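**Q** Quick one: this structure, given as structure tokens, is what I'll be asking you about.
The numbers here are math on the coordinates, done by the rules we state, and not lab data. Every value quoted in this text rests on a predicted model; they were computed, and no experiment measured them. Cβ coordinates were reconstructed from backbone atoms using ideal geometry, including for glycine residues, and neighbour counts include every protein chain displayed.
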Amino acid sequence: MVEKLGLAAGAVVVGIVGAIILFWLLNKACELLPRKWESRIKPYVWLLPAFAVIGVFLIYPAVETVISSFRRGKRGKLYEFVMFDNYERLFTDPNFLNTLLNNVLWIFVAPALIVGLGLAVAALVDKLKPWAEKTAKSIIFLPMAISMVGAATIWNLVYAWKPEGADQIGLLNQIIVMFGGAPQTWLQIDTFRFNTFLLMVVYIWTQVGYAMVLLSAAIKGVPEDTVEAGRIDGASERGIFFRIILPQAWPTVITVFITVLIGVMKLFDIVYAMTNGNYTTNVLGNYFYNALFRQGDPGLASAVVVILIIAVVPVLVYQVRQFRIQEENR
């Protein structure tokens, strides 16, 4: 352990020293130019390392993924180009279509509930005394400190099932048995995709605290003068919230919603750890993992990633526009 920590610390030191030397050399190179050109070129030269990192670790892999999606993959290797064959295989596969439907369900339900609950909790705790507000926020935010796999493990114990007559270790089944009911295999109930909604509960539990913290800050940022003016005009507390506070906090609501939405579209950990996509609970992230590491088909896996990129890009563009609007309104 000590050796690993020493290596990690050494890597950090080398990285910092290397970055300092690199920028010093770039700065010296710019100083060799005429002063007129130095002032023009220096900003771009300083940005060059960042652009290089983005190009190597982001743009290049993205381009390679798109190219790989048009090639045949087998046993973890890529072969000849097959054009749109991988995409045709995906959209004629009932399992993939079911996966897409699950992702759509996640997209419409989970972010709305997370933002709605986060906004409700933020508005309620804002009315508490300072010490009670801090305590409540700490408790609600606590699941954010747990990894998705850790949260999945906790909720696996909540949904755990044992045959009728045996001692139930699952909290939910224990409650059912206490009231005279029969234990249920909760994560296998796919009627109306009930088990998918149970998985959403896990994700919502981990993310409501995140939404609450940001939305609480937005609510506190609303000028007290406008709130008091509404009270003087006879507005109810409900009217003040929906007509004064919420409109002014709306940009933050949109930002939180989009951030959570992007996270939902990339979801993998919870589904993999709890059901591995069985019982009609699969999502695109888990489908990609199985295609790449279990089927050994990088071409098909790349096609899944491209579809996910196509779905995420419009959301990212909208988010960037929202940030620009917020900056202009400041």
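**Q** Over the range 2-62, what portion of Cα pair distances is larger than 13 Å, expressed as a whole percent?
**A** Numbers: 1297 of 1830 pairs.
Summing the P(r) tail past 13 Å for the range 2-62 gives 71 percent.
**Q** Can you give me the relative contact order of the range 84-173 as a percent, contacts being Cα pairs under 8 Å and 6 or more apart? Intermediate values should be presented prior to the final figure.
**A** Values: 35 pairs, mean separation 10.2, N = 90.
The normalised contact order for the range 84-173 reaches 11 percent.
**Q** Please compute the contact order of the chain in relative form: average sequence separation of alpha-carbon pairs under 8 Å and at least six residues apart, divided by the residue count, as a percent.
**A** Working: 347 pairs, mean separation 81.0, N = 330.
Relative CO of the chain lands at 25 percent.
**Q** Still on this structure: Once you have the Cα-Cα distance between PHE192 and LYS127, take 0.36 nm times their residue separation minus that, and quote the gain in nm to one decimal.
**A** 19.6 nm
**Q** Per DSSP H run of at least 4 residues, take -39500 (n - 2.57); add these up for the chain, divide by its residues and hand me the 222 nm value, nearest 500 deg cm²/dmol. Write out the running numbers ahead of the final one.
**A** Details: 15 runs with 234 residues, N = 330.
Here the helix-only value at 222 nm equals -23500 deg cm²/dmol.
**Q** Same structure, new question: Run the quick spin-label model on ILE176 and PHE84: label points 7 Å from Cα toward the beta carbon, then report their separation in nm to one decimal.
**A** It works out to 4.5 nm between the two label points.
**Q** Here's something else I'd like to know. First check a/c for the range 1-156, with a ≥ b ≥ c the square roots of the eigenvalues of its C-alpha gyration tensor; if it is under 1.5, answer rounded, and if not, answer prolate when a/b is larger than b/c or oblate otherwise. Could the numbers behind the result be given before it?
**A** On the way: a/c = 2.00, a/b = 1.17, b/c = 1.71.
In terms of gyration-tensor shape, oblate.
**Q** Name the helices (complete DSSP H segments) of the chain with a Cα length along the long axis of 27 Å or more and a Kyte-Doolittle mean of at least 1.0, or state none.
**A** On the way: long enough: 2-31 (43 Å, 1.57); 35-54 (29 Å, 0.20); 94-125 (46 Å, 1.73); 194-220 (37 Å, 1.44); 246-265 (28 Å, 1.72); 298-329 (45 Å, 1.11).
Length and hydropathy pass: 2-31, 94-125, 194-220, 246-265, 298-329.
**Q** Here's another thing I want to ask about it. If one computes the Cα centroid of the range 4-24 and of the range 237-256, what distance in Å separates the two points?
**A** If you average the Cα positions of each part, the centres end up 46 Å apart.
**Q** Using a 7 Å offset from the Cα along the Cα-to-Cβ direction at both PHE242 and THR135, what is the distance between the two label points in nm, to one decimal?
**A** Output for this residue pair reads 3.2 nm.
**Q** Starting with the highest mean, order 222-232, 87-97 by the number of other Cβ atoms within 10 Å, averaged over the residues of each peptide.
**A** Details: 222-232: 12.3, 87-97: 13.8.
By packing density, highest mean first, the sequence is 87-97, 222-232.
**Q** Could you tell me the largest-minus-smallest coordinate of the C-alpha atoms of the range 132-249 on each of the three principal axes, in descending order and whole angstroms?
**A** Here the Cα extents, ordered largest to smallest, are 63, 29, 28 Å.
**Q** Further, regarding this structure: Based on the alpha-carbon gyration tensor of the range 69-130 and its eigenvalue square roots a ≥ b ≥ c, which shape applies: rounded if a/c is under 1.5, prolate if not and a/b is larger than b/c, or oblate? Provide the component values of the computation, followed by the final result.
**A** Numbers: a/c = 5.84, a/b = 3.31, b/c = 1.77.
It comes out prolate by the Cα gyration axes.
**Q** Further, regarding this structure: Would you please classify the overall shape of the chain from the alpha carbon gyration tensor, given that a ≥ b ≥ c denote the square roots of the eigenvalues, rounded means a/c under 1.5, and beyond that prolate means a/b larger than b/c while oblate covers the rest? Spell out each step's value before the answer.
**A** Details: a/c = 1.79, a/b = 1.11, b/c = 1.61.
Judged from the Cα gyration tensor, the chain comes out oblate (a/c at least 1.5, b/c at or above a/b).
**Q** By how many nm would the segment from GLN184 to ALA50 grow when fully extended, if each residue of separation counts as 0.36 nm and the alpha-carbon distance is taken off?
**A** Working: separation 134, 0.36 × 134 = 48.24 nm, distance 5.31 nm.
Separation in residues times 0.36 nm, less the Cα-Cα distance, equals 42.9 nm.
**Q** Can you give the FRET efficiency to the nearest 0.05 for ILE20 and ASP167, using r as the Cβ-Cβ distance and R₀ = 56 Å? Each step should come with its number before you reach the end.
**A** Numbers: r = 62 Å, r/R0 = 1.10.
Efficiency computed from Cβ-Cβ geometry: 0.35.
**Q** Determine the gain in length on full extension of the stretch ILE232-ASN276; use 0.36 nm per residue of separation and subtract their C-alpha separation, reporting nm with one decimal.
**A** So the chain would gain 10.2 nm between ILE232 and ASN276.
**Q** So what is the relative contact order for the range 146-269, in percent, with contacts set as C-alpha pairs under 8 Å and at least six apart?
**A** Details: 87 pairs, mean separation 23.7, N = 124.
Reported relative contact order: 19 percent.
**Q** Check the range 1-145 and count each lysine pair with an alpha-carbon distance under 18 angstrom, considering only pairs eight or more places apart or from different chains. Can you show the working numbers first?
**A** Values: LYS28/LYS36; LYS28/LYS42; LYS127/LYS137; LYS129/LYS137.
Total qualifying Lys-Lys pairs in the range 1-145 comes to 4.
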